[in-house]
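Each remark here refers to the structure printed beneath this line.
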Amino acid sequence: MESFVSHSGIAAPLLQANIDTDAIIPSREMKSVSKTGLAAGLFANWRYTDVDRRIDNPDFVLNQPRYRGATILLAGANFGCGSSREHAVWALREFGFRCIVAPSFGAIFRGNCIRNGVLPATVDEAGFDTLAAAIDRSPKPDLAVDLVRCLVSGPQGIVLPFTLPAEDRDMLLEGLDEIGVTLKRMTQIEAFEALHKPRRPWLFRSRVAAS
Amino acid sequence: MGETLFDKIWNRHAVTELADGSTLIYVDRILLHERTGAIAVKSLLEAGRQVHAPDQALAVIDHIVDTFPGRTDKTLMPGGTEFIRETRSATRLAGIELLDIDDARQGIVHVVSPELGIAQPGATIICPDSHTCTQGALGALAWGVGSSECEHALATQTLAVRKPRALRVLFEGELGYGVTAKDMILHLISTHGASGGAGFAVEFAGETVSALSVEARMTLCNMAVEFAAWTGLCAPDEKVFDYLVGRPYAPDASQWEAAVADWRSLRNDDDAAFDHEIHIDAAAIAPTITWGTSPQHATAISGRTPDPAAAADPVARQTLARALDYMGLVPGQALEGLPIDAAFIGSCTNSRVSDLRAAADVLRGRRVAEGVRAVCVPGSTPVKIAAEAEGLDAVFRAAGFEWRESGCSMCFFAGGEHFAAQSRVATTTNRNFENRQGPGVRSHLASPATVAASAIAGQIADVRKLAR
């Protein structure tokens, strides 16, 4: 997985709270068994006035010239709540987003971000409001994100710390293949299994035929 | 200090603590469905890896399969067939059992798992589906993940998880007539917000919860995710043990006593402490319905929509105004009496036999109002068959409901069937997001009884006002 150490780019604001993954990637846009081919479906119901013919809605933030080429999303609280669909992150990533800055995230969505090299940077509410206002006022809505020092730097000299769990930071900084890392522990896992399964064998019945 | 129920299940499954402070948790059961599961298995196999324990996984076809009688894998949803066929081939290659469309056990994954006895007290269960928390009703630790985490679990039988904090929601007192588990959870989310459970494993407890049937507890736990909780669960009791007797994956006769003895230990120690507690008086809960585009936008059936002008900050005002606009409502508008275009009874929230009985009790001898499209999708094929054996299908049909094969159906819109654009739907599902049930569709979440009463009235209705 591509690592994330730092990134600078245009930040687009989508400030309402509780933006759910159905809004990020409508079910109808999950068209194949694939992690790609999703960028065109990102925010489809908001981004297009005609979803089928892909006619852009000029009022939607990502269609405004000022925010074209945005690679950072400034989002409201509980961003990515709702359905677990990892397609929401795949769509954001494919569209070009590398980082999302928000006061909070849906838990499953947050985990999905980490596993796809997208940084979910949690900032406090007051700092978030200040940053959003500065982005709005600034001639250029640029942000710089530093994962080593966990800082977001914006217009007017604003510097805001962000948080994320240590294990997630490590995974992003190193571009870790999480499965590969855990597979190195299989002896330990199998040793656990060898005690756990005989102790509670009723949890492990299998292959029971349909009646 | 003593352990909570959550602590006990967590500690029993902790393989090791990791250097960063998270825990490697052993996963007893991995459930999959065609929408997000095929990609997980496919990705694993393409990386040249194997499923560690195929016997501990089970896949079902539920999400994009159609529900009209005679359905096949040639779905109304464009590309749906590919999802089904890729799931078949991936599970076959991996040696994972699949409950295919015509399997007698087929259904919505979170209906099927408890039904088969896979969801059990003390089990750790994951699925790439946000409503996995439903299964916490059986005293399991069950949570939703993305496809990549699912892939990790399939490869290693574990997940690295940072332990959530513990929240207990205590419901005390008796529910009034016409008030159900669905109303309880909508009440909680509307009073404490869609983020109220963020970072917590939520235990639902108290006499009100104890008085609920196991199926009703599933409704309660189902929407824990809409409360932003990591999961929801209830302590297992005699009702849960009785529920599990004889189910195919439940302990067999030779294991039963040992299992129940173990299950009885799955309760909070007397000196266990929670990080946070919420107390709710059951008498304060009325039949509840959503008015907006988040499950937190809910009110008692006699309530009114809010006024955005009264909101704290500009963004909140804008959000409320936007929700009202999408829903075609104005500030201070009554919910009761709002004409509806459709009624939907189904989904992993409310599609089990007790849900269908509750709706049938309202529908019996009555007719759906003129112009209202009414659809009922039983949660699984066994639910459908059991309902038919009780004659519930006849009640639904006589009232004017379509009676379908099982699946997730019109809980969401994936390009197949959907309610007409801008239609107002009374629905027993769990999400009223913009466009969730179709382009511009206006979803009002409620209990089966409220949805049935509204279908008959042709408008949002208070089930308590109907003659019993």
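Values quoted throughout were computed directly from the atomic coordinates according to the rules given, and no laboratory measurement underlies them. Predicted model only: the values in this text are computed from it and were never measured. With ideal geometry, Cβ positions are generated from the backbone for all residues, glycine too; neighbour counts draw on all protein chains shown.
Would you please report the Å³ per residue occupied by the convex hull of the alpha carbon atoms in the stretch B:265-358?
Normalising the Cα hull of the stretch B:265-358 by residue number yields 198 Å³.
Between their Cα atoms, which of B:LYS239/B:LYS384; B:LYS182/B:LYS239; B:LYS42/B:LYS74; A:LYS31/A:LYS184; A:LYS197/B:LYS239; A:LYS31/B:LYS163 are more than 27 Å away from each other?
As for pairs spanning more than 27 Å Cα to Cα, those are A:LYS31/A:LYS184; A:LYS31/B:LYS163.
Tell me, what are the semi-axes, in whole angstrom and largest first, of the equivalent ellipsoid of the stretch B:53-114 as set by the roots of 5 times the Cα gyration tensor eigenvalues?
Working: eigenvalues 79, 43, 15 Å².
Taking √(5λ) for each eigenvalue gives 20, 15, 9 Å, largest first.
Report the extension gain between A:VAL181 and A:ARG149 in nm, rounded to one decimal, defined as 0.36 nm multiplied by the number of residues separating them, less their alpha carbon distance.
Values: separation 32, 0.36 × 32 = 11.52 nm, distance 2.46 nm.
Length difference between fully extended and current span is 9.1 nm.
Considering only DSSP states other than H, G, I, E and B, which GluC sites (Glu not before Pro) in the stretch B:378-468 qualify as loop sites with at most 10 other Cβ atoms within 10 Å?
Within the stretch B:378-468, no GluC sites (Glu not before Pro) qualify (loop, at most 10 other Cβ atoms within 10 Å).
Where in the stretch B:135-165 does the label zone of B:GLN50 land, with the point 7 angstrom along Cα→C-beta and an amide N cut-off under 15 Å?
Hits in the stretch B:135-165 for B:GLN50 at 15 Å: B:154-157.
Please sort by residue number the trypsin sites (Lys or Arg not before Pro) in the stretch B:237-288 whose DSSP state is loop and whose Cβ has at most 14 other Cβ atoms within 10 Å.
For trypsin sites (Lys or Arg not before Pro) across the stretch B:237-288 that sit outside H, G, I, E and B with at most 14 neighbouring Cβ atoms in 10 Å, the list reads B:ARG264.
Run through the DSSP bridge list for the stretch B:275-407 and note the antiparallel percent, rounded to the nearest 5.
40
With point charges of +1 on the Cβ of Lys and Arg and -1 on the Cβ of Asp and Glu, referenced to the Cα centre of chain A, which listed residue (A:HIS196, A:PHE105, A:GLY180) lies farthest in the positive direction of the dipole?
So the residue we want is A:HIS196.
Compare the Cα positions of A:LEU42, A:THR130, A:SER32 along the charge dipole of the stretch A:24-138 (+1 at Cβ of Lys, Arg; -1 at Cβ of Asp, Glu; about the Cα centre) and return the one farthest towards the positive end.
Farthest towards the positive pole: A:SER32.
With only Lys, Arg, Asp and Glu charged, each at its Cβ (+1 for the first two, -1 for the last two), find how big the charge dipole of chain A is about the Cα centre; round to the nearest 20 debye.
It works out to roughly 700 debye.
Run through the DSSP bridge list for chain A and note the antiparallel percent, rounded to the nearest 5.
Given both bridge residues lie in chain A, the antiparallel proportion sits at roughly 50 percent.
Over its Cα atoms, what ratio of radius of gyration to 2.2 N^0.38 Å does the stretch B:348-468 give?
Here the Cα radius of gyration is 0.99 times the empirical estimate.
Can you tell me the FRET efficiency between B:PHE68 and B:ASP103 if r is taken as the Cβ-Cβ distance and R0 is 22 Å, rounded to the nearest 0.05?
After rounding to 0.05, the efficiency reads 0.75.
Quick check: the angle from helix A:186-199's long axis to the longest principal axis of chain A, C-alpha only, nearest 10 degrees?
60
Below 8 Å, C-alpha to C-alpha, sequence gap of six or more: please give me the relative contact order for the stretch B:95-147 in percent.
28
Do the sum for the protein assembly as shown: with -39,500 (n - 2.57) for every DSSP H run of n ≥ 4, divided by all residues, what is the mean residue ellipticity at 222 nm, to the nearest 500 deg cm²/dmol?
My calculation for the protein assembly as shown gives -9000 deg cm²/dmol from helical runs alone.
Under unit Cβ charges (Lys, Arg +1; Asp, Glu -1), what dipole magnitude, rounded to 20 debye, does chain B have relative to its Cα centre?
Computed charge dipole of chain B: roughly 1180 debye.
Is there a quick way to get the dipole size of the protein assembly as shown? I mean about its Cα centre, with the Cβ of Lys and Arg at +1 and of Asp and Glu at -1; what is the value in debye to the nearest 20?
1120
For the Cα atoms of chain A, what angle does the longest principal axis make with the long axis of helix A:125-137, in degrees from 0 to 90, nearest 10?
That helix lies at roughly 40 degrees to the long axis.
So for chain B, considering every pair of alpha-carbon atoms, how many percent are separated by more than 30 Å?
43
Counting DSSP beta bridges in chain B, what percent are antiparallel, to the nearest 5? Don't skip to the answer; put the middle values down first.
Working: 13 of 55 bridges.
Once the DSSP bridges in chain B are tallied, antiparallel ones form about 25 percent.
Consider just the alpha-carbon atoms of chain A and return their Rg together with their Dmax, both in angstrom.
20.1, 69
Quick one: Cα convex hull volume of the protein assembly as shown, Å³ per residue?
144
Multiplying the sequence separation of B:ALA334 and B:THR16 by 0.36 nm and subtracting their Cα-Cα distance, what value in nm do you get?
Roughly 109.1 nm would be gained on extension.
Projected onto the charge dipole of the stretch B:20-176 (+1 at Lys/Arg Cβ, -1 at Asp/Glu Cβ, origin at the Cα centre), which of B:THR72, B:THR134, B:VAL145 gives the Cα projection farthest towards the positive end?
B:VAL145
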